[in-house]
Amino acid sequence: MTDVIRKDVKDRLEGGDFSCSKEFTLSMFSGKWKIVVLFHLGTDCAYRFNELMRLMPKVTHKVLTNQLREMAEDGLISREVTTDSRVKVTYRITDLGRTLMPIINQMYEWGEKRIKELQINPQYSVKPVSKVRSQN
């Protein structure tokens, strides 16, 4: 488990020593790339690993692998393996993960508004996708 916040919350939950629902919700997002992955899976549908890597050019293979594993373990995404001539792994948001989309979209909108207020010109910005990408 790579995420310290997530690990702490999980340990306290298992030990019966946890009562902060806000901290629990935050632990589902903790990790630099989880919100971005959930945003894309929630708005665009399914992605394969290398497609996710291309969407986030600064993420490392190891970090993305760990964060995808954690989100699958938490039930936020599913990992589907199919074998034809070669193995294909596809990630999809689950119904549970989809319940976080209103929070993620609010965070996106707040961030866009705040960036404009600060007159910052970001190098790149994740924009909501108006058209759903076809599933692979």
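For every residue, the table says whether it meets (1) in contact with a Leu (Cβ under 9 Å, 6 or more places away or on another chain); (2) hydrophobic (A, V, I, L, M, F, W, C).
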{"position": "Phe49", "(1), (2)": "yes, yes"}
{"position": "Thr65", "(1), (2)": "no, no"}
{"position": "Glu70", "(1), (2)": "yes, no"}
{"position": "Arg79", "(1), (2)": "yes, no"}
{"position": "Val87", "(1), (2)": "no, yes"}
{"position": "Ile93", "(1), (2)": "yes, yes"}
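So which of Asp84, Asp95, Asp44 is acidic (Asp, Glu), exposed (fewer than 10 other Cβ atoms within 10 Å of the Cβ) and at pLDDT below 95?
After applying the criteria, what remains is Asp84.
Consider Glu112 against the criteria (1) modelled with pLDDT of 95 or more; (2) surrounded by 13 or more Cβ atoms within 10 Å (Cβ to Cβ): it satisfies all of them except one. Which criterion is unmet?
Of everything listed in (1) modelled with pLDDT of 95 or more; (2) surrounded by 13 or more Cβ atoms within 10 Å (Cβ to Cβ), Glu112 misses just condition (1).
Lys131 - would you say it is among the charged types (D, E, K, R), in a loop (DSSP other than H, G, I, E, B), modelled with pLDDT under 90 and open to solvent by 40 Å² or more (accessible area, probe 1.4 Å)?
yes
Considering only residues that are free of Cβ contacts under 8 Å to residues at least 40 places away in the same chain and either over 19 Å from Thr99 (Cα atoms) or among the hydrophobic types (A, V, I, L, M, F, W, C) (or both), look in the stretch 22-41 and name the one that is most open to solvent (accessible area, probe 1.4 Å).
Selected residue: Lys32.
Matching residues to (1) within 21 Å of Gln106 (Cβ to Cβ); (2) in contact with a helix residue (DSSP H, G or I) (Cβ under 9 Å, 6 or more places away or on another chain); (3) at pLDDT 95 or above:
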position	(1), (2), (3)
Thr2	no, yes, no
Lys10	no, yes, no
Glu14	no, no, no
Ser21	yes, no, no
Met28	yes, yes, no
Lys32	yes, yes, no
Asn50	no, no, no
Leu68	no, yes, yes
Arg79	no, yes, yes
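The values are calculated or read from the model by the stated rules, or taken from the named source; none is laboratory data. In this text the structure is predicted, and so the values were computed from the model without any measurement. Using ideal geometry, Cβ is built from the backbone for each residue, glycine included, and neighbour counts are taken over all protein chains shown. Accessible surface is based on the protein model in full, side chains and every heavy atom, while ligands, DNA and RNA are left aside. Shrake-Rupley method; radii C 1.70, N 1.55, O 1.52, S 1.80 Å.
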